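The values are calculated or read from the model by the stated rules, or taken from the named source; none is laboratory data. Remember, predicted model here, so these are calculated numbers, not experimental data. Methodologically, a virtual Cβ is constructed for each residue, glycine included, from the backbone with ideal geometry; neighbour enumeration extends over all protein chains shown. Side chains are part of the model used for accessible areas, which takes the heavy atoms of the whole protein and leaves out ligands, DNA and RNA. Shrake-Rupley method; radii C 1.70, N 1.55, O 1.52, S 1.80 Å.
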Amino acid sequence: MARKNQTLGEFIIENQSEFQYSSGELSRLINSIRLAAKMVNHEVNKAGLVDITGSAGEINTQGEDQQKLDVLANDTFIRTLTNREIVCGIASEENDDFITIEGHKENHSNKYVVLMDPLDGSSNIDVNVSVGTIFSIYRRVTPVGTPVQLEDFLQPGNLQVAAGYIVYGTSTMLVYTTGHGVNGFTLNPALGTYYLSHPNMKFSEDGNIYSVNEGNYNHFPQGVKDYIKYCQQDEDDRPYTSRYIGSLVSDIHRNMIKGGIYMYPQSAKSPNGKLRLLYECNPMAFIAEQAGGTASDGHTRIMI
Ligand code: P6P
């Protein structure tokens, strides 16, 4: 049961029983993500004061200009999860290949894998717009005790055990689900403690925000164009407004709080869409559905 202002640590312990076959491993995993997020938050908040903004001079596996904070966040999450030996593998949007973690007895005894976008929206760092981390947790499908394989990471979204995001904004929040609703925890930076500030998050029934990069309008499918024009008509029952931050975590978090729709349709630059299924769409779809929303590619459910 979620009690407002309880700490994340208390919440995890009190809800431990919700995890099937819980051995405490998932709890320790969420705790490690919590710790890594505090470390990244500390660096994000210094951006601009020390030399951690701007390009790292590398192109990542997605063909994107890697920002220095991308590298820092990626290294921080990988190091924190590896040192605690509570996962058997990690896949990151910033890495070419997945990472195998043997575990303290070198026996690959852990059963969860983590997929992550360590710093989403990093192109906004230099203009002081909120960025975020997105994570997704699956149970491995290959035999425990053997090195992880690619199939442990290429699983359908409906097999996620947990998913969440951290938004490094005016306040830093960790929002996650384990399939029993969505809860939001706000970091008190003075104490380094997360407190349950948004228990049982649900989309507003009367959200009036549509969120899309209308700069790509001319390349949208006709149905998307028609929908945007529908939102813009001056009808009494349609007081819609447009909001687009360009940082997925921030756009989704705003909609979690105020309701609305977020779209990233195909465009000339991204004919198959831009958002990554494993690192962005599946975790955000899990959260959206657990908060009473839906997530689709315009035709079928994302989490199939
Ligand atoms: P555009 C960031 O690179 C990202 O993946 C999401 O965080 C964000 O929603 C989207 O791209 C923004 O893309 O093409 O509108 O700048």
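Computed on protein heavy atoms with a 1.4 Å probe, the accessible areas place 96, 297 in the order 96, 297, largest first. Net charge of the neighbourhood of residue 202, taken over other residues with C-beta under 14 Å away and scored Lys/Arg +1, Asp/Glu -1, is -2. Residue 68 contributes about 60 Å² of solvent-accessible surface, heavy atoms of the protein only, 1.4 Å probe.
Going by accessible surface with a 1.4 Å probe and the largest first, 82, 170, 300, 76 read 170, 300, 82, 76. Summing Cβ point charges (Lys, Arg +1; Asp, Glu -1) relative to the Cα centre of the chain gives a dipole of roughly 640 debye. How would region 167-254 be classified by its alpha-carbon gyration tensor: rounded, prolate or oblate, with rounded meaning a/c under 1.5 and the a/b versus b/c comparison settling the rest? Cα axes put region 167-254 in the prolate bin. Calculated [222 nm] ellipticity per residue, helices only, for the chain: -7500 deg cm²/dmol; basis is -39500 (n - 2.57) per DSSP H run with n ≥ 4, divided by all residues, nearest 500.
Just need the relative contact order of region 209-273 here, percent rounded to a whole number, with Cα pairs under 8 Å and 6+ apart. Mind showing how you got there, number by number?
Numbers: 65 pairs, mean separation 32.2, N = 65.
Dividing the mean separation by the residue count of region 209-273 yields 50 percent.
Placing unit charges on each Cβ (+1 for Lys and Arg, -1 for Asp and Glu) gives the chain a dipole about its Cα centre, and among 41, 189, 249 the Cα reaching farthest toward its positive end belongs to 189. Among the listed pairs 38/68; 38/111; 46/225; 229/269; 202/274; 68/274, those whose Cα-Cα separation exceeds 29 Å are 46/225.
Roughly to the nearest percent, how much of the accessible area of the chain is carbon and sulfur, given a 1.4 Å probe?
Numbers: 6930 of 14270 Å².
Ligands and nucleic acids excluded, carbon and sulfur reach 49 percent.
Overall, the anisotropy analysis places region 224-296 in the oblate class: the square-rooted eigenvalues a ≥ b ≥ c of its C-alpha gyration tensor yield a/c not less than 1.5, with a/b not exceeding b/c. Surface calculation, 1.4 Å probe, protein heavy atoms: residue 112 sits at approximately 10 Å² accessible.
Sorting 94, 205, 235 on solvent-accessible area from highest to lowest, probe radius 1.4 Å, gives 205, 235, 94.
Relative contact order for region 130-266: 23 percent, from Cα pairs under 8 Å spaced at least 6 residues apart, divided by residue count.
Could you report the chain's accessible area per residue, 1.4 Å probe, as an integer in Å²?
Working: 14270 Å² over 304 residues.
Result: 47 Å² of accessible area for each residue.
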